[in-house]
Each structure stands twice: as structure tokens, then as C-alpha cells.
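Coordinate-derived values only; no laboratory data. What you see is a predicted model, and the numbers here were worked out from it, not measured in a lab. Don't worry about glycine lacking a Cβ; one is built from the backbone with ideal geometry, like all the others, and counts go over all protein chains shown.
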Amino acid sequence: MERWPWYLGCIVLTGCALGRVAPSAPPKGSQIVRGPMVVEADFQLKGDDPIIGQLTDLQSVVGTTLQLPVTSQPVIVHIFSSSDRFHQYLEHRFPGYPVRRAFFIKHQGRFEVCAQWGEHIVEDLRHEMTHACLHAAVGDPPLWLDEGLAEYFEIPPHTGGWHASHAELLGREYVAGRWRPHLPQLEALSSPADMTQLNYAEAWAWAYLLLNTTPARRELLVHHLNSLSQNAASQPLGELLYRNEVAPHDALIAMLSRESKMK
């Protein structure tokens, strides 16, 4: 699924655009509070709905997996019963912005996740909530890493982070000679509008390599995120990875080939 058209608002809306739009709360049908997370829906959503458990567990899993600092940052999750209700809210608060299924925004310390109910609701909320977790703990992570980790955690926990559709796309493009891994190129991207679906897939693959292959790679990622959380000057993660390994791009291709055969 194409990511950037409906995530585009995340970066844009964190800036001056919000200052021009009067805040408007979505209609509330129910409100569920779980720690610093508040879920507001324009329909009757029960507290024991599986989606609430998914989001609650996700915050813990992301924090534990990445060893992120614990924060009390409130996150407001707005869930709309239909695309019409969602787009009405979107047009009222952010007129003129591209249509998308969900987005994460932050402005003046306020974190919000908005999504429309549908077949992708769990995936969308997990993706956007991962952004919220990362931004709460480390500030502004690099775009490629922010997206790669969101892609990693958006799928159900039992997958172990393996995103089959991304792996299939990368494998197909590699065989056709249209793609080769290039982390420095990913790191140079600064806007979601510049990211293609292939970029999202590669960002996921690097996240998977770092988290699921060797303790050294995982520790490198954890250390990098910790440096960001302390506002310390940190070299790009790609530079650190290439300094520690001779050919991490070859390791990425080997990992994709090996894991694809095992799944």
C-alpha cells in the first residue's frame, strides 16, 4: 500500500500550518483512557475492544524492544466511524491537505493520531501510534528510521516484524535489477512526499535487519535512539553501521533471501 499520500500531513502539520487552523475536537461517542493514551471515537467503542488492547500493548512493546525512555506524553487517538466523518474533520481542521486514511500530528506539545474505521484500522493505528511513541521518546527521529520502525511495528506481533508484502516487493525489484539497497540515499530523504513505496519497503528492511539478526546490530540501533533521546549529536545511523560492517547492504540482501525462504 502506498504510504506517503496519507502520511504527508504528519510533517507538514507539525509546523506553521496548524497555527492557521482553529482547533476543533471531533464528536465524541465514547472516550477510553489507558494511561497517557486517550481514545476518542464518534461511535460507541467499548473499553474491552481488541483495538484498545492492541494500542496499549503496542506502546509497551515499542518501548521495550527499542529500550526507549519512559515518557508520560499524552496521545489523543481520534477514531471516526466512516471516511465521510473523517474527511469532514480533516477538511475543517486542515483544509486542502491530501486525502489519507490516517495521520499523526504534533503541535505545541500535543500529540494526536486520527484514523477512519475500516479494514486497515488496526494497521493504520499501529503505524501512527508507533510514530507517537518514537517522537515522545526521542524527539524527531530521521524520516527513514521513523517510517521503517512504523512499518515494522504496524503488523501483528506474531509476525516478528516480518512485512511479507515489503519483502516480496524488494525481492521482485532486486531480481529485475531495478533496486539495490542504499541506506545513505534513504538517509538523505527529508520529506514523506519524496518517499516511494520502495523507499518504505527498504526502510522496513533495514529496521528488520537491525532488530532481528545480531545483538550487535540491535545494540547499535538502541544506542542511536538513546543518543537522539538525550539530544546528543549523533552520526547518521548508516555511517555507524557501515563503519562496523564491511558490506551491510549485502547482509540486507542475504537476510531478505534467507527469511523469505523460511516464511
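The trypsin sites (Lys or Arg not before Pro) of segment 178-242 that DSSP puts in a loop, and whose beta carbon has at most 16 other beta carbons within 10 Å, are Arg178. Taking the fewest neighbouring Cβ atoms within 10 Å as the starting point, the ordered list for Met262, Met129 is Met262, Met129.
About its Cα centre, the chain has a charge dipole of approximately 120 debye under the convention of +1 per Lys or Arg Cβ and -1 per Asp or Glu Cβ, with nothing else charged. Considering only Ser227, Pro141, Met129, the residue lying farthest towards the positive end of the dipole of the chain is Ser227, judged by Cα position with unit charges set on Cβ.
Taking amide H as placed 1.01 Å from N in the peptide plane, the amide H of Ser30 sits under 5 Å from that of Ala41, Phe43, Leu45, each at least 5 places away or on another chain. Taking other residues whose beta carbon is less than 11 angstrom from the beta carbon of Leu90, and scoring Lys, Arg as +1 and Asp, Glu as -1, yields +2.
Considering only Ala137, Ala207, Ala251, the Gaussian network model of the chain with Cα springs below 10 Å gives its largest mean-square fluctuation to Ala251.
Taking a ≥ b ≥ c as the square roots of the eigenvalues of the Cα gyration tensor, an a/c ratio below 1.5 marks segment 146-262 as rounded.
Most simply put, segment 63-209 has about 50% antiparallel DSSP beta bridges, counting only bridges with both residues inside it. Mean residue ellipticity, 222 nm, helices only, the chain: the sum of -39500 (n - 2.57) across DSSP H runs of n ≥ 4, divided by residue count and rounded to 500, is -16000 deg cm²/dmol. Here's the picture: charge each Lys and Arg Cβ at +1 and each Asp and Glu Cβ at -1 in the chain, and of Val77, Ser260, Thr213 the one pushed furthest to the positive end of that dipole is Val77. Report the local net charge at Glu245: Lys and Arg +1, Asp and Glu -1, summed over other residues whose C-beta lies under 12 Å from its C-beta. Summing Lys/Arg as +1 and Asp/Glu as -1 gives 0. All other residues whose Cβ lies under 10 angstrom from that of Leu186 are scored, Lys and Arg at +1 and Asp and Glu at -1, for a net of -3.
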